[in-house]
Amino acid sequence: MKDSFAIWLHWSVKPGRVPEFIAAWEEVTRAMIDQGSYGSSLFEGPDGTFYAMARWPDAKVRGERMTDYLTDASLLALADATAEFFPSLELTERVNMWTDIG
């Protein structure tokens, strides 16, 4: 399999807005899959912040698709529920041993 691109994202969410944040993240992820993403997983850390790993064919495809999507209502809802967006990490996947657990 060709190496794919992944991005590791990290947010803190405004108090009381976690359900809204999660719903918006799910909408954004579904839309990004329609735009060529390989999908994403959302995790909550022990400090209550959220992390996501999103996979794409490459950084160029992600950049093009995200630029086209910046004014979408679900992405704006995600941003509105976010207290702080921490720096992201761009990663190149070298080995993929995920299983499909749905």
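G39's amide H: which non-local residues (gap 5+, or another chain) put their own amide H closer than 5 Å, with H modeled 1.01 Å from N in plane and none for Pro or chain starts?
Those qualifying (amide H under 5 Å, at least 5 residues apart or on another chain) are R55.
Using a 1.4 Å probe, what is the accessible area per residue for segment 33-93, in Å²? The partial results should precede the final answer.
Numbers: 3660 Å² over 61 residues.
Each residue of segment 33-93 exposes 60 Å² on average to a 1.4 Å probe.
Work out, step by step, the length gained on full extension between L89 and V18: first 0.36 nm times the residue separation, then minus their alpha carbon distance; give nm to one decimal.
Value of the extension gain: 23.3 nm.
What helices in the chain pass both tests, a Cα length along the helix axis of 18 Å or more and a mean Kyte hydropathy of 0.0 or higher, using whole DSSP H runs?
Values: long enough: 18-34 (24 Å, 0.34).
Once both thresholds are applied, what remains is 18-34.
For S4, which sequence-distant residues (separation of 5 or more, or a different chain) have an amide H within less than 5 Å of its own amide H, given hydrogens modelled in the peptide plane?
Close amide H contacts, sequence-distant or interchain: E93.
³J(HN,Hα) across segment 93-98 via Karplus (A = 6.51, B = -1.76, C = 1.60, θ = phi - 60°), whole Hz, x for Gly/Pro?
In residue order, the calculated couplings are 6, 9, 9, 10, 10, 5 Hz.
Within the accessible area of the chain, what % is carbon and sulfur when the probe is 1.4 Å and the other protein chains stay in place? If you can, show how the numbers build up before the last one.
Values: 3740 of 6510 Å².
Using a 1.4 Å probe with all protein chains present, the chain comes out at 57 percent carbon and sulfur.
For the pair E44/E26, report the inter-label distance in nm, with labels modelled 7 Å from Cα in the Cβ direction.
1.4
The values are calculated or read from the model by the stated rules, or taken from the named source; none is laboratory data. Owing to the predicted nature of the structure, the values given are computational and were not obtained by experimental measurement. Glycine also receives a Cβ, built like all others from the backbone with ideal geometry; neighbour counts cover every protein chain displayed. Areas reflect the complete protein model, heavy atoms only, side chains present, ligands, DNA and RNA absent. Shrake-Rupley method; radii C 1.70, N 1.55, O 1.52, S 1.80 Å.
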